[in-house]
Amino acid sequence: AYAREMRDELGIHVEAVDSAEAAVTDVDIAAACTDTRSPVYFEEWLSPGTFVTNTVPTELSDETYEAADRVITTDNRPFQRYVIGDEEDDRRYTQRHTEWFEQRNHEPIGDVLTGDGAARQDPEETIIYDNISAGIQFAAVGNLVYERARERDLGVEIPLSWFQQDIRN
């Protein structure tokens, strides 16, 4: 019923599926948009020609990065080491993701967009856009939604403490 409502409201094809794998099988674009610390997209799900993007690097399995024909990134600089929690949290996090704290050598998205980098080489090429960002796109959209809601006198103010935590659950 929900898929039918979305289809009617948006005027697009919407199909409900039973699994994450089914949702990304034979698609042109797969976008993982979570804050997970465990993979939600796996190498065996890559189809020829698929473009995959993430919000955080942990969304894609290490094997997915290795299996892709090409990885494009926002930035090749190493992550800054900043972990909320105690020393054990810091050690567990940085040991699991040592590659994040090293220089990467992927093609920058800026080069692709300006034409200084190569465009898609083949319609069957699998590409990952490793979105190493500060989430500015979410802040920009959030601000736009906020401004429109204020213009229409919509919404309820909520405490900022609802959005603060010092541990990850």
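The values are calculated or read from the model by the stated rules, or taken from the named source; none is laboratory data. Source: prediction; values computed, not measured. Note that we place each Cβ from the backbone using ideal geometry, even for glycine, and neighbour counts take in every protein chain shown. Surface areas here come from the heavy atoms of the whole protein model, side chains and all, with no ligands, DNA or RNA. Shrake-Rupley method; radii C 1.70, N 1.55, O 1.52, S 1.80 Å.
Quick look at the numbers
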{"read-out": "Residue within the range 54-69 that is closer than 30 Å to Gly110 by Cα and touching a His at 6+ places or on another chain (Cβ under 8 Å) present", "value": "yes"}
{"read-out": "Subset tally (residues that are of a type in the set (Ser, Thr, Tyr) and open to solvent by 60 Å² or more (accessible area, probe 1.4 Å)) for the range 39-60", "value": "0"}
{"read-out": "Matching residues, the range 10-42, being among the small types (Gly, Ala, Ser) and farther than 18 Å from Glu59 by Cα", "value": "Gly11, Ala16"}
{"read-out": "Tabulated pairs, the range 69-97, first within 29 Å of Ser47 (Cα to Cα) and open to solvent by less than 50 Å² (accessible area, probe 1.4 Å), second of a type outside the set (D, E, K, R) and at pLDDT below 70, C-beta under 9 angstrom, 6+ apart or interchain", "value": "Asp75/Ser133; Asn76/Gln103; His97/Phe79"}
{"read-out": "Among the residues listed as Asp28, Asp75, Asp35, Asp62, the single one being closer than 27 Å to Ala139 by Cα and in contact with a Pro (Cβ under 9 Å, 6 or more places away or on another chain)", "value": "Asp75"}
{"read-out": "Where a residue in the range 136-155 is open to solvent by less than 90 Å² (accessible area, probe 1.4 Å) and its partner, wherever it lies, is assigned to a helix (DSSP H, G or I), with Cβ under 9 Å and at least six apart", "value": "Gly155/Tyr146; Gly155/Ala149"}
{"read-out": "Members of the range 1-17 that are of a type in the set (D, E, K, R) and either touching a helix residue (DSSP H, G or I) at 6+ places or on another chain (Cβ under 7 Å) or over 24 Å from Phe51 (Cβ atoms) (or both)", "value": "Arg4, Glu5, Asp8, Glu9, Glu15"}
{"read-out": "Qualifying residue in the range 65-79 (condition: among the small types (Gly, Ala, Ser) and assigned to a helix (DSSP H, G or I))", "value": "yes"}
{"read-out": "All positions within the range 18-45 that are in a loop (DSSP other than H, G, I, E, B) and over 18 Å from Tyr65 (Cβ atoms)", "value": "Asp18, Ser19, Thr25, Asp26, Val27, Asp28, Asp35"}
